[in-house]
Amino acid sequence: MNVTTPAAAEFLDTAVQSRLTGLSLQARRAVEGRMTGRHRSSQRGFSAEFAEHREYTAGDDVRYVDWKVYGRSDRYYLKQFEDETNFSCWMVLDTSESMSYRSTAAPVSKLDHARRAIAALSWLVLGQRDAVGLATLSGALDRLLPPSTQPSHLDQIGRILQETTPRGPTALGAALEDLATRLDRRSLVICFSDLFDDLDSATAGLEHLAWRGHDVVVLQVIDPAEEDFPFEEPTRFVGLEGETDQVVEPRALGEAYRAEFQQFLDDVSHRCRSLHLDHLLLRSDVPLTVTLPRFLEARLHHRGRG
């Protein structure tokens, strides 16, 4: 698919699009009773009827090429059947104030990094003829754009991303619980958040989504300074979500801070594994040309093993 829309163009990087070309976003488990991956249904016990043709794309199963059509047109078309289906993917964006953070070591804020990742993955999903939607949340569920397969949907996603501003404290768990009750179809749900929230509450929200049959992915967005703590001189740290500002001597607490932050990341990773959720760090100083292909290839690998 070659879609360029005014709103989405702000967040789409041609280098990222080029790197994602030829890759696909796969679900790791059955969603809505069907297994995704070139949209073949996992249902058995009935005969599928021919529905229509669609043009062959790299990675399609050549067993479904209609050779008679090829003989007439010299182009490859696949037979599609009634049991083939699109899957739905929800992009879930944490827009709380902590996502606005950007250190001098990062080219963009955590929120902007997440916006660009969402735009790129939405472009990819629509190119697969699958449906993608967007939910934004902070202290509560803010915006909800239902999934669609229409290419023009990318522009609607882009407009919401443009209009989204970081605000308020995080209440990720409650917002995810609310989202879980609103999704009436099992979907692939990709959550973009720094997870700077009560971790028990956030875990409960993620668990609720998984319990309802959704295939949940956590892409944890962090700034390099949050992990590396590179500060050396006395520094004022400003609370972004109502915390009291503090002036500290970084060299006195740097080692302890880094150990505690690593424990936090390990805790998030462990909780995701225990719920059988995929978890990946998206550092805002690492290009999406690196992290997104790594994520997509890991999904494909997991599905192949499943």
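Would you confirm, using the coordinates I've provided, whether Arg167 is under 17 Å from the mean Cα position of the chain (by Cα) and basic (Lys, Arg)? Spell out how you get there, then give the answer.
Values: under 17 Å from the mean Cα position of the chain (by Cα): no; basic (Lys, Arg): yes.
Criteria not met by Arg167.
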(request) Taking the residues in region 1-45 that are among the hydrophobic types (A, V, I, L, M, F, W, C) and part of a helix (DSSP H, G or I) as candidates, determine which candidate is modelled with the lowest pLDDT. (result) Ala7
(request) Pull up region 95-143, narrow it to residues that are surrounded by fewer than 23 Cβ atoms within 10 Å (Cβ to Cβ) and among the basic types (Lys, Arg), then point me to the one that is modelled with the highest pLDDT. (result) Arg116
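Is there a residue being farther than 25 Å from His276 by Cβ and in contact with an Asp or Glu (Cβ under 7 Å, 6 or more places away or on another chain) anywhere in region 168-187?
Checked against the condition, which is being farther than 25 Å from His276 by Cβ and in contact with an Asp or Glu (Cβ under 7 Å, 6 or more places away or on another chain), region 168-187 yields at least one hit.
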(message) Cβ-Cβ under 7 Å, sequence separation 6+ or interchain: first residue in region 147-171 and within 22 Å of Ser187 (Cα to Cα) and in the same structural domain as Gly133 (by TED's automatic domain parsing), partner of a type in the set (Phe, Trp, Tyr) and modelled with pLDDT of 95 or more. Which pairs?
(response) Pro147/Trp90; Leu154/Trp123; Gly158/Phe11; Leu161/Phe11
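For region 212-228, enumerate the residues that are more than 16 Å from Leu188 (Cβ to Cβ) and either without any contact (Cβ under 8 Å) to a residue 24 or more places away in the chain or not in a loop (DSSP other than H, G, I, E, B) (or both).
Answer for region 212-228, where residues must be more than 16 Å from Leu188 (Cβ to Cβ) and either without any contact (Cβ under 8 Å) to a residue 24 or more places away in the chain or not in a loop (DSSP other than H, G, I, E, B) (or both): Gln220, Val221, Ile222, Pro224, Ala225, Glu226, Glu227, Asp228.
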(request) Mind counting the residues in region 180-196 that are closer than 14 Å to Ala135 by Cα, out of contact with any strand residue (DSSP E or B) (no Cβ under 6 Å at 6 or more places or on another chain) and not charged (D, E, K, R)? (result) 3
(request) May I ask you to list the residues in region 267-306 that are more than 27 Å from Arg212 (Cβ to Cβ) and either assigned to a helix (DSSP H, G or I) or out of contact with any strand residue (DSSP E or B) (no Cβ under 9 Å at 6 or more places or on another chain) (or both)? (result) Asp285, Val286, Pro287, Leu288, Thr289, Val290, Thr291, Pro293, Arg294, Glu297
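The values are calculated or read from the model by the stated rules, or taken from the named source; none is laboratory data. Just so you know, these numbers come straight off a predicted model, no measurement behind them. Heads up, the Cβs are rebuilt from the backbone with ideal geometry, glycines too, and the neighbour counts pull from every protein chain shown.
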